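Written out below as structure tokens is the structure these notes cover.
The values are calculated or read from the model by the stated rules, or taken from the named source; none is laboratory data. Everything numeric here is computed off the predicted structure, so don't read it as measured data. Quick note on the areas: whole protein, heavy atoms, side chains included, nothing else; ligands and nucleic acids left out. Shrake-Rupley method; radii C 1.70, N 1.55, O 1.52, S 1.80 Å.
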Amino acid sequence: MDNKLSDSEQYVWDFIQENIQTIPNYSIVKLSELANVSTATIVRTMKKKGYEGFTAFKHHLKEMSYKDINFSALDKVDQGIRTAILKNEQEVARTINMIEIGNIEDAIQRIKAAKRVIIFARGFSEMTAQEMMVKFQLTGKYCELHADPEIIKTMSKKLTKDDVVIFISLNGETKELVTAAKNCYQLEIGTILLTASRHSSLINLIEIPFVGFKSEGSFFPDYEVRSRLPLAILARVLLDSYALRVGEN
């Protein structure tokens, strides 16, 4: 069975992710009306995503929302702490729900076949990139990280088809990463992206994208230090999946 989503099914899945908090309250008919698609399209989408149907998917959402958080304990703390905890819980749960399972398999195969894994990242995303580099090296995979903007642009012109490049960018608009992605695209280099932006310059140039959920607003509004938690979750899932697959061989 082909689990690749059609355009209409991808639209439904995107609509669900963008309205994930209210989805458990909808019937399949209500969702059909709101998304302006047929109930059959919703059912096909759910089945391709591994669920028996829309009701099973709603049960899954409710389990994800309440399984790990002790809400009775949260009632005892002030609103600020409660908000901070739930903001992070939301980013984790929604990021996991947004992962395209097929992309994990594609990325693992790309990484296994490559002689080198090259990671490009800037700013606070470098922390996630550093952890990825070390863990790839621990599995025996050659991996190097580049964070300097000029080196990124230069290095991206010298890659071969034996390389795979992992881009890490929260918003997908970092100039030197976009330039590097264009170079990779022209050279037909395999590329993987970890991001929290579904619509960006970078995602349009990448072969295998992983998109996480980024909550609105920041607790540090005077600084550009938005949470990289979605990127860390995506990296963890990819690394763990790769390590498990390598360990099976």
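Using the 1.4 Å probe convention, the accessible area of segment 95-178 works out to 47 Å² per residue with neighbouring protein chains retained. Counted residue by residue at 0.36 nm each, then reduced by the alpha carbon distance between them, the extension gain from HIS59 to SER8 reaches 16.0 nm. Listed by chain and number, the lysines placed with their C-alpha closer than 20 angstrom to that of LYS47 are LYS4, LYS30, LYS58, LYS62; residues fewer than eight positions away on the same chain are left out.
Using a ≥ b ≥ c from the Cα gyration tensor of segment 100-249 (square roots of the eigenvalues), is it rounded, prolate or oblate, where a/c under 1.5 gives rounded and otherwise the larger of a/b and b/c decides, a/b for prolate? It comes out oblate by the Cα gyration axes.
Legend: distances between Cα atoms for LYS112/LYS153; LYS112/LYS161; LYS153/LYS182; LYS115/LYS158; pairs beyond 19 Å are LYS112/LYS153.
Full extension of the chain between THR41 and VAL29 yields a length gain of 3.2 nm, computed as 0.36 nm times the residue separation minus the alpha carbon distance.
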